[in-house]
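Coordinate-derived values only; no laboratory data. Keep in mind that what you see is a predicted model, and the values were worked out from it rather than measured. Glycine gets a Cβ as well: all are built from the backbone with ideal geometry, and neighbour counts include every protein chain shown.
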């Protein structure tokens, strides 16, 4: 079995599991929408411009939905006692990691594809020609968050309180990617020139590369422990 085929099979397994139950998709979507509704009532957007708080609102909903998606993907493996099968499978364990990352990215992207247009309608905002840059920021930071989140989810999945321990470990490690996401999105919402936030996009790219490379190298040890 080729490496890329193994990655695809792991991602396809998670997607097929979700298509059968639809439990995770519904939970993620309603949670993200709940965040938008709460912020809509918390701030009077007839007075406060969406540009001021929009980036924070969007990424709070995306990040917390991402935590739920990543935690759920490994919780299924633990509940059905699949960890031992993963250890015995005749494939590179890093392929299993990348497959999980791919599935988490797809789950988060599906939520973002629904929440972003709704937020534009709800808060009466128009991206205009900057929608391409906004999508670039979404993609880069979703990859980074899924990469680091999947590694920590693997480390905590075999502990008794893994679902509580995961956010405690993940959020400090995800500070750089979260900061880059909010800052870049804020500049895009404000319509500022690309030079003002190019460094934040560069930080997102560097974070993605570093964490994906480090996780591929360390995943064997994380899974064993």
- prompt: Which residue, 174, 190, 215, tops the fluctuation ranking in a GNM of the chain built on C-alpha contacts under 10 Å?
  reply: 190
- prompt: How big is Rg to Rh over segment 121-225, alpha-carbon atoms, Rh as the Kirkwood inverse-mean-distance radius?
  reply: 1.08
The chain - mean residue ellipticity at 222 nm from DSSP helices (-39,500 (n - 2.57) per run, n ≥ 4, rounded to 500): -28500 deg cm²/dmol
field: Least to most buried among 116, 140 (fewest other Cβ within 10 Å first)
entry: 116, 140
task: Evaluate E = 1/(1 + (r/R0)^6) for residue 165 and residue 196, where r is the Cβ-Cβ distance and R0 equals 30 Å; express this FRET efficiency to the nearest 0.05.
output: 0.20
field: Rotationally averaged projected area of segment 70-174 (alpha carbon convex hull; nm²)
entry: 8.1
message: Using a Gaussian network model on the chain with a 10 Å cutoff between Cα atoms, which of 55, 134, 42 fluctuates the most?
response: 42
query: Which whole-number percent of Cα pairs in segment 97-137 have a distance greater than 15 Å?
result: 54
statement: Counting all Cα-Cα pairs in the chain, those more than 29 Å apart amount in percent to 28
